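The values are calculated or read from the model by the stated rules, or taken from the named source; none is laboratory data. For clarity, every value in this text was computed on a predicted model and none was experimentally measured. Cβ: placed from backbone, ideal geometry, glycine included. Neighbour counts: every protein chain shown.
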């Protein structure tokens, strides 16, 4: 998919809140991300939404690698290169191997993935593609995860779909974040 920004980035934000947000992105990620320049400069309240989503995701009782794999799979399915790039950049920062990320499309029969990861990723795949899941997929998910974890997995999937939709609709592609992390 070719990306062409629908709205020009705003490099100099107005207001203390946005300036602090830009500083935070630069400190945490290595640069001010394009969604901040395109979306948050025009609708600063959405940066608050992203902050709330981030805090919820951080508290999810799942491994950090599994959280990132969920984000990456949703983004891969939806074709959001920005979100795939940032998930992989966070994986690099957390010293996770990118081997699994490169094999995400083949997770269902790949020995790199544990049965627990496969159950989670199959659920995430079906939710992303169909906004629902078969009884068989849900039963397998329940074998590996608590009810609380299932809620968080569903939230991770839904929040990533939100980010994908925002970025794809506005033509926001990869920011080259993986290269910055190396």
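Could you go through segment 87-95 and let me know if any residue there is at pLDDT below 95, part of a loop (DSSP other than H, G, I, E, B), out of contact with any strand residue (DSSP E or B) (no Cβ under 7 Å at 6 or more places or on another chain) and at positive phi. Within segment 87-95 (the criterion being at pLDDT below 95, part of a loop (DSSP other than H, G, I, E, B), out of contact with any strand residue (DSSP E or B) (no Cβ under 7 Å at 6 or more places or on another chain) and at positive phi), the answer is yes, since at least one residue qualifies.
Just one of (1) surrounded by fewer than 18 Cβ atoms within 10 Å (Cβ to Cβ); (2) closer than 23 Å to residue 151 by Cα; (3) assigned by TED's automatic domain parsing to the domain that holds residue 164 fails for residue 78. It is (1). Determine if segment 85-97 includes at least one residue that is touching a helix residue (DSSP H, G or I) at 6+ places or on another chain (Cβ under 6 Å) and farther than 28 Å from residue 49 by Cα. No, that holds for no residue. Those residues that are closer than 17 Å to residue 29 by Cα and touching a residue at least 40 places away in the same chain (Cβ under 8 Å), I need them from segment 63-89; list them, please. Correct list: 71, 81, 82, 83, 84, 85, 86, 88, 89.
Residue-level analysis places residue 132 outside the set of residues that are part of a loop (DSSP other than H, G, I, E, B), over 15 Å from the mean Cα position of the chain (by Cα) and in contact (Cβ under 8 Å) with a residue 24 or more places away in the chain.
Of all residues in segment 103-114, those being surrounded by fewer than 12 Cβ atoms within 10 Å (Cβ to Cβ) and either touching a strand residue (DSSP E or B) at 6+ places or on another chain (Cβ under 8 Å) or in a helix (DSSP H, G or I) (or both) number 4.
Residue check: residue 45 meets all listed conditions (1) without any contact (Cβ under 8 Å) to a residue 24 or more places away in the chain; (2) under 18 Å from residue 158 (Cβ atoms) but one, namely (2).
Per this entry, residue 117 is counted among residues that are surrounded by 19 or more Cβ atoms within 10 Å (Cβ to Cβ) and not in a loop (DSSP other than H, G, I, E, B).
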